[in-house]
Amino acid sequence: MSAPTVVAASRSSRLAWAAADTWVVARRHLWHLLRRPDELLGTLMIPVLAVAMFGFVFGDALGAAMAVPGTEYREFLLPGLFALTMAFGIGNTTIATAADVRGGVLDRMRSLPMSPVAFLAGRSLADVLVALVELAILMGLGVLFGWQWHSGPGPVLAALALLILLRAACSWVGILLGLLVSGPEAAMKYFALVFPLAMVADTVVPTHLMPGWLAGPAGWNPLSATVVAIRDLFGNPAGPSASWVADHAVPMAVAWPLAITALCLPLALARLRGLAR
Amino acid sequence: MSTDRRDAAILAEGVRKHYPGRGAALDGLDLAVAPGTVHGLLGPNGAGKTTAVRILATLVRLDGGSARVAGCDVASDPARVRARIGLAGQHAALDEVLSGRQNLEMFARLHHLRARAARRRAGALLERFDLEAAADRPVRNYSGGMRRRLDLAVSLIRGADVLFLDEPSTGLDPRSRNEVWNAVRELAASGTTVLLTTQYLEEADRLCSRISLMDRGRVVAEGSPSELKARVGGSRLEVAVPAGRDLAAAAGSISAALCAAPEIDPAARRISAPVRGGVGALGRLARTLDEAGLQADDVSLRRPDLDDVFLRLTAGPIREGKGR
């Protein structure tokens, strides 16, 4: 059995190879989804249960506090849960990345003539594609629970784009953390830290109902910008606009994820290079 | 007997690696491996075996010295080294969820094979490593031996000139271990240079044509298994003296019969002495013991093994088992 000849990568084609490698890595994670659909269900468990808990158990009470009926609270709630799901994705990304570091898959990839960036970019691409599936399922469930959008296809697509942008940023946070933590077990222990990130925001409870010292940070939470922006784009009810961020929600919903990515991506790359030290 | 440096497949000269807080992992490693041979790095935990492999496989940068693999410098030209090597680490670096075939195809694509070539290569490797029946099952359902074979197959996608195996049989049952050993022998026979690390003396003895014994980040002895054993001396006779008999008197008789100074281990009540002449000496000793009325519990002729080499040349006994 003779070894296959390999296409030599010239300098000019390196970018093309990096893109091809990225797709190969991303496809690996998508195969996971097909082989273990139960993992996707696990990811969706929190937002689905949150719809049930917040929408129905607390729905009328929160609606009363907001001086709206429970049904309208659910219209308010769903966009918050969409963004919350994007944030919870950090946990999966961190755990999976840490497992690849621990299990030697990353070492093997680093010993291949592939682009090392592709290991990270492929993960991020897969996260974004999986997020599309998650959002489709959540929006379907939302409709069942009485949520709907009141705008045309343009704003709805824009809202989806903002959510995907948020997921991409969360993916790079997860990748960086996955490269930093000591292993997947440690990543699981830290998972609970996602809760304040997801809850101290304009997601489930409107910020004006929070204590004043909490409302400020909640407004500046990157999730809040996205949630306020997509509530507007979907035509769903929002809390009273209470902060500078809420007044500039759409530009902030673009700026926050870009800033987070601009911070985490180079750090993750540096960490990857640092593994050789 | 040493490998000619110019055509060594692996050449390390004075390689040093220092980890902050942990001290020197490698403290002047010298290594020359002839092409097409199986070379063993044998040493206790913490001797620096894994660090050596990680440096040679370009995963970790060296702090000092130089190393060439398949003619390419690991520090200045890691990309070309990567194109010529295969690596199988301590853990099977596989995707547990994907099937064996999917793993092979994915890593083949990351070796920059075209889709069709990757499929063909995956099929050929599955056949070669006898994994066709399980090809489409998820790897998490594979046995330890199957996993290792798949790991080897993945490391050979590119038809590597040099293959690094870090503790290839750790955690395997004897049957799986034999499967991996056979695969390694076939590879060497087809011209691949193999550098393997091991804590198992038996493994080094059975597989490697040459062994570098490592201790505290450097090579303390190098040679073929028989050369290393010869350094410890010839066979030794061991006599177990029954309780109630005078150890010193027995030692005297043994000394007279073998013309050699015996060592006495009072706790185990064993007397051992170097012996030349093999079975003839045994016969002589049996007569002597008989004449002295000393009914020994056990008389045995023991050839030195790598354990003796190890004890003689490193700081302590080799610790078999887990860990790196």
query = What span do the alpha-carbon atoms of the protein assembly as shown cover on each of the three principal axes, reported in whole Å from largest to smallest?
reply = 111, 60, 47
query = Length gain on complete extension for the stretch residue B:287 to residue B:19, per 0.36 nm per residue less the alpha carbon to alpha carbon distance?
reply = 90.5 nm
inquiry  = With angles folded into 0 to 90 degrees, how steeply does helix A:37-52 sit against the dominant principal axis of chain A? Use alpha carbons for both and round to 10.
reply    = 20
query = If you roll a 1.4 Å probe over the heavy atoms of the protein chains, what accessible area per residue do you get for segment A:29-274, in Å²?
reply = 41
note = Rounded to the nearest 5, the percent of antiparallel DSSP beta bridges in the protein assembly as shown equals 65
request  = Please work out the Kirkwood hydrodynamic radius for chain B, using every pair of different C-alpha atoms, and report it in angstroms with one decimal place.
outcome  = 22.0
ask   = Hey, what angle do you get for helix B:115-128 against the long axis of chain B, alpha-carbon based, 0 to 90 degrees rounded to 10?
value = 20
inquiry  = As an exercise, take the mean of 1/r over every pair of distinct alpha carbons in segment B:234-303, invert it, and state the Kirkwood radius in angstroms.
reply    = 11.6
ask   = For the pairing of chain B with chain A, what total accessible surface becomes buried, with a 1.4 angstrom probe, in square angstrom to the nearest 100?
value = 3400
note = If amide H atoms are modeled at 1.01 Å from N in the peptide plane, then the residues at a separation of 5 or more from residue B:210, or on another chain, having amide H under 5 Å from its own are B:38, B:40
Helix-only mean residue ellipticity at 222 nm for chain B, each DSSP H run of n ≥ 4 adding -39500 (n - 2.57), per residue, nearest 500 = -10500 deg cm²/dmol
query = When the Kirkwood hydrodynamic radius is evaluated over all pairs of different C-alpha atoms of segment B:186-266, what value in angstrom, to one decimal, is obtained?
reply = 16.4
message = Taking the solvent-accessible surface of protein heavy atoms with a 1.4 Å probe, what is the per residue accessible area of segment B:234-303 in Å²?
response = 56
note = Computed for the protein assembly as shown: size of charge dipole around the Cα centre, +1 on C-beta of each Lys and Arg, -1 on C-beta of each Asp and Glu, debye to nearest 20, value 1440
inquiry  = Can you tell me the orientation of helix A:222-234 relative to chain A, as the angle in degrees between its alpha-carbon axis and the longest Cα principal axis, to the nearest 10?
reply    = 60
ask   = Which FRET efficiency value, to the nearest 0.05, is calculated for residue A:133 and residue B:128 with the Förster distance at 51 angstrom and r the Cβ-Cβ distance?
value = 0.85
inquiry  = Percent of Cα-Cα pairs more than 20 Å apart in segment A:127-238, please.
reply    = 51
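Dipole size in debye (nearest 20) for chain B around its Cα centre, Lys and Arg Cβ +1, Asp and Glu Cβ -1?
Here the size comes out at about 1140 debye.
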request  = Taking every Cα atom in segment A:29-274, find the radius of gyration and the maximum pairwise distance Dmax, and write them in Å.
outcome  = 18.2, 61
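The values are calculated or read from the model by the stated rules, or taken from the named source; none is laboratory data. Since this is a predicted model, take the numbers as computed values, not measurements. Neighbour counts are summed over all protein chains in view; Cβ atoms, including those assigned to glycine, are modelled from backbone coordinates with ideal geometry. Calculation scope for accessible area: heavy atoms of the full protein, side chains included, ligands and nucleic acids excluded. Shrake-Rupley method; radii C 1.70, N 1.55, O 1.52, S 1.80 Å.
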